[in-house]
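Below is one structure. I have some questions about it.
The values are calculated or read from the model by the stated rules, or taken from the named source; none is laboratory data. Please read all numbers here as calculations on a predicted model, not as lab measurements. Here the Cβ positions follow ideal geometry from the backbone for every residue, glycine too, while neighbour counts run over all protein chains shown. To get the accessible areas, we keep the full protein, side chains included, count just its heavy atoms, and leave off ligands, DNA and RNA. Shrake-Rupley method; radii C 1.70, N 1.55, O 1.52, S 1.80 Å.
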Amino acid sequence: MIKNGHHATGDRPGDAGKPAAAASPCSPEKRKRVVRLWCDGCYDMVHYGHSNQLRQAKAMGEFLVVGVHTDAEISKHKGPPVFTQAERYKMVRAIKWVDEIVEGAPYVTTLETLDKYNCDFCVHGDDITLTVDGKDTYAEVKREGRYRECKRTQGVSTTDLVGRMLLMTKAHHSNLDNPDYQQHTDNFGKGPKGHSPWTGVSQFLQTSQKIIQFASGKEPQPGDTIIYVAGAFDLFHIGHVDFLEMVYKQAERPYVIVGLHFDQEVNRYKGKNYPIMNIHERTLSVLACRYVSEVVIGAPYAVGKDLLDHFKVDLVCHGKTEVFPDKDDSDPYAEPKKRGVFRAIDSGNNLTTDDIVQRIIENRLQFEARNQKKEAKEMAVIEAMKRREQQEQSEAAAHVAQQ
């Protein structure tokens, strides 16, 4: 069980993107200058690595502005994105550390952009982001001392997730005899050939510290409506966000608890080789959402009496996706239906994890080419850095010898 809480500018998630309320002239908030941070990126297939970058950035100041690139800009510099810009804008807005987003942010970060949005610094992870011609997109703000760096989250990348989807579906197994497809899965499954530390895939290791960093521990207050939802929430995506936002709107003062099923349970009712993300990764993904107050890790599949009484649940919600029967063929929502606290929610978004997997499979060659291109550019930069370091060492040694 993980308690979460909201990190919106105001008290409700809908306040994200709105300016903070003005402080009184004599208040400490007015006297203290607010430090505004800028982050930007594609935020394609938003995962807990993106969320962790934004969490670290927010910790460096008080107000976080996030610029999100258009589909056209991403296609020009990297290749086609998995999600549309409208989907990516909404996903970033749903991350609880984000105060404001800028749609259609320029791919190259300039001082002009920082000044336009009154941002003191730009924050980015300790990896390399390059333009189509191989230039550092943050070169200008680095030169002027308005760049801050945070740690990249090990064990996850969009490249990694794409690879998992291609290697963990029936479509993959049915194409094993296709030599082109086999070469493609080798490229994703065995790691990139150039061994770039940023594009490469590493094993995600969960720690209690990471969970604590994502969760803020807000307890339900008197008058809150405690709402319970459960599921896999695999590959946390815009369909999940729309559903949770609609759930959040079911009450004036909602306290939303998300029950996450263990991997074995998800595999039982989803089949194939789901879930794509393990329980630890799914926990962080859900905790990053501003509509979620608390997470139950390894929630029971059947929403029974003990769970409802323990959490004092007022309302149980489920979306329009299929409800699979429990192991004994019973309805997992029988108890909340009996109590009259069950509600079916139609978010208006029918996107599923299966749909995302299908997008990847249909465009697999494009994504492979994109990742190989990114890998090559990163390796070229690494080699240049090594040569420069060797040259500086040689010059230093020569200087010492002359003395």
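Anything in region 225-244 that is open to solvent by 10 Å² or more (accessible area, probe 1.4 Å), in contact with a strand residue (DSSP E or B) (Cβ under 7 Å, 6 or more places away or on another chain) and within 23 Å of Thr84 (Cβ to Cβ)? List them, or say none.
Phe233
Which of the residues belonging to region 264-283 are open to solvent by less than 20 Å² (accessible area, probe 1.4 Å) and assigned to a helix (DSSP H, G or I)?
Answer for region 264-283, where residues must be open to solvent by less than 20 Å² (accessible area, probe 1.4 Å) and assigned to a helix (DSSP H, G or I): Val266, Ile279, Glu281, Arg282, Thr283.
Let me ask something else. Name the residue that is most open to solvent (accessible area, probe 1.4 Å), counting only residues in region 245-258 that are out of contact with any Pro (no Cβ under 8 Å at 6 or more places or on another chain) and more than 14 Å from Ala94 (Cβ to Cβ). It would help to see each step written out before you state the result.
Of the residues in region 245-258, the ones out of contact with any Pro (no Cβ under 8 Å at 6 or more places or on another chain) are 246, 249-254, 256-258.
With the extra rule that they be more than 14 Å from Ala94 (Cβ to Cβ), the set shrinks to 250-254, 257.
Values: Gln250: 57, Ala251: 17, Glu252: 150, Arg253: 111, Pro254: 12, Ile257: 3 Å².
Residue satisfying both the conditions and the ranking: Glu252.
For region 301-318, give me the residue count where each residue is in contact with a helix residue (DSSP H, G or I) (Cβ under 7 Å, 6 or more places away or on another chain) and in contact (Cβ under 8 Å) with a residue 40 or more places away in the chain.
Taking region 301-318 as the starting set, the residues that turn out to be in contact with a helix residue (DSSP H, G or I) (Cβ under 7 Å, 6 or more places away or on another chain) are 301, 303-305, 308, 316-317.
In the following step, the residues that additionally are in contact (Cβ under 8 Å) with a residue 40 or more places away in the chain were identified as 301, 303, 308, 316-317.
Looking only at that region, the number is 5.
Same structure, new question: Got a sec? Which of Val323, Val292, Val316, Val286 is out of contact with any Ser or Thr (no Cβ under 6 Å at 6 or more places or on another chain), aliphatic (A, V, I, L, M) and surrounded by fewer than 18 Cβ atoms within 10 Å (Cβ to Cβ)? Break it down stepwise before answering.
Numbers: Val292 fails: surrounded by fewer than 18 Cβ atoms within 10 Å (Cβ to Cβ); Val316 fails: surrounded by fewer than 18 Cβ atoms within 10 Å (Cβ to Cβ); Val286 fails: surrounded by fewer than 18 Cβ atoms within 10 Å (Cβ to Cβ).
Testing whether each residue is out of contact with any Ser or Thr (no Cβ under 6 Å at 6 or more places or on another chain), aliphatic (A, V, I, L, M) and surrounded by fewer than 18 Cβ atoms within 10 Å (Cβ to Cβ) leaves just Val323.
Within region 324-354, which residues are free of Cβ contacts under 8 Å to residues at least 24 places away in the same chain and part of a helix (DSSP H, G or I)?
Of everything in region 324-354, those that are free of Cβ contacts under 8 Å to residues at least 24 places away in the same chain and part of a helix (DSSP H, G or I) turn out to be Lys337, Lys338, Asp354.
Something else: Tell me, yes or no, whether region 390-398 has at least one residue that is in a helix (DSSP H, G or I), charged (D, E, K, R), at pLDDT 90 or above and open to solvent by 30 Å² or more (accessible area, probe 1.4 Å). Working first, answer last.
Here is the first cut: in region 390-398, the ones in a helix (DSSP H, G or I) are 390-398.
The next check asks that each one be charged (D, E, K, R); those that pass are 392, 395.
Now drop any that are not at pLDDT 90 or above, which leaves none.
No, region 390-398 contains no residue that is in a helix (DSSP H, G or I), charged (D, E, K, R), at pLDDT 90 or above and open to solvent by 30 Å² or more (accessible area, probe 1.4 Å).
Identify the residue in region 70-107 that is open to solvent by 20 Å² or more (accessible area, probe 1.4 Å) and among the basic types (Lys, Arg) and, among all such residues, is nearest to Arg364 (Cα to Cα).
Across region 70-107, the extreme among qualifying residues is Lys78.
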